[in-house]
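Everything below concerns the one structure shown next.
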Amino acid sequence: MSFDHLFKVIIFGGGGVGKTSLINRYVDNTFFANVPQTVGVDFKAKDISVTNEIIRLQLWDTAGQDDFRLPFTSSIYKGAQGIVIVFDLTSEDTIRDVQSFLKEIDDHCIEDVVIVLAGNKSDLSNQVEYKSIIDEITKKKEYPIFLTSALKGTNVEEMFEHLAKELLEKQAQSNITRQMDAIMNPTPPPENIVKPEIPTNKNPKKGCC
Ligand SMILES: Nc1nc2c(ncn2[C@@H]2O[C@H](COP(=O)(O)OP(=O)(O)OP(=O)(O)O)[C@@H](O)[C@H]2O)c(=O)[nH]1
Ligand SMILES: [Mg+2]
């Protein structure tokens, strides 16, 4: 199937927070109680229709374990347009991990990336009070937070759809900026341009009549 836009989206988050499960739920509508730990990077893609355009979300499922993820960081970050940082609502450590992911993203200086946060495992009752920790970590910057359950499917589509719409909007905005730039700063013609010689007729023939 062809598509109008392709967006690269990375899924980050600590070990076992449910990154692979969220992707499985979104792309295949499946859930497994036992999921093999991700090593390196896995990929899945899903095509969705947003405002009459087909968007292909290319989802990069990363390993929660630093040892399995860090060797791949440069290829993971290259060309990334969207990022989901997942934490486990029942684990304070994984909520605090959000800070190191935000710092890592900052260190890689990806411009104009769309970031959303996902508090996963919302079906479980032993949840930690995540809001104050996230507020403390993100300071004044506000990121959309979706409380998801890969097990039940709660908010999973909503989160990826929100991301897709944001990515589309951001792309439209940067196209407008580029067009405005081209209008305001037109490229000057090269200075050493060779003008074609126009033959001049020094002895023009007189007309016959
Ligand atoms: N109750 C509940 N369990 C979940 C949910 N999402 C994932 N799990 C379980 O949590 C465990 C880890 O899920 P994964 O999807 O492998 O987590 P991951 O973040 O990909 O883990 P790594 O690849 O090791 O970093 C599995 O046993 C899942 O079944 C959820 O929404 N609710
Ligand atoms: Mg995984």
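Computed values, structure above
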{"read-out": "Flag for K170 being exposed (fewer than 10 other Cβ atoms within 10 Å of the Cβ) and either at positive phi or at pLDDT below 95 (or both)", "value": "no"}
{"read-out": "Residue match in the stretch 49-56 (condition: touching a Phe, Trp or Tyr at 6+ places or on another chain (Cβ under 7 Å) and among the aliphatic types (A, V, I, L, M))", "value": "yes"}
{"read-out": "Answer from F12, F43, F68, F3 - the residue that is part of a loop (DSSP other than H, G, I, E, B) and either more than 9 Å from ligand 2 (Cβ to nearest atom) or modelled with pLDDT of 95 or more (or both)", "value": "F3"}
{"read-out": "Residue match in the stretch 79-91 (condition: among the acidic types (D, E) and either within 16 Å of ligand 2 (Cβ to nearest atom) or assigned to a strand (DSSP E or B) (or both))", "value": "yes"}
{"read-out": "Filter result for E111 (at pLDDT 95 or above and over 24 Å from D93 (Cα atoms))", "value": "no"}
{"read-out": "Unique match (being among the polar types (S, T, N, Q), surrounded by 10 or more Cβ atoms within 10 Å (Cβ to Cβ) and at pLDDT below 95) among N155, N175, N192, N120", "value": "N175"}
{"read-out": "Any hit, the stretch 142-152, residues being over 30 Å from N34 (Cα atoms), under 17 Å from the mean Cα position of the chain (by Cα) and among the hydrophobic types (A, V, I, L, M, F, W, C)", "value": "no"}
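The values are calculated or read from the model by the stated rules, or taken from the named source; none is laboratory data. Not measured: the values here are computed from a predicted model. Cβ: placed from backbone, ideal geometry, glycine included. Neighbour counts: every protein chain shown.
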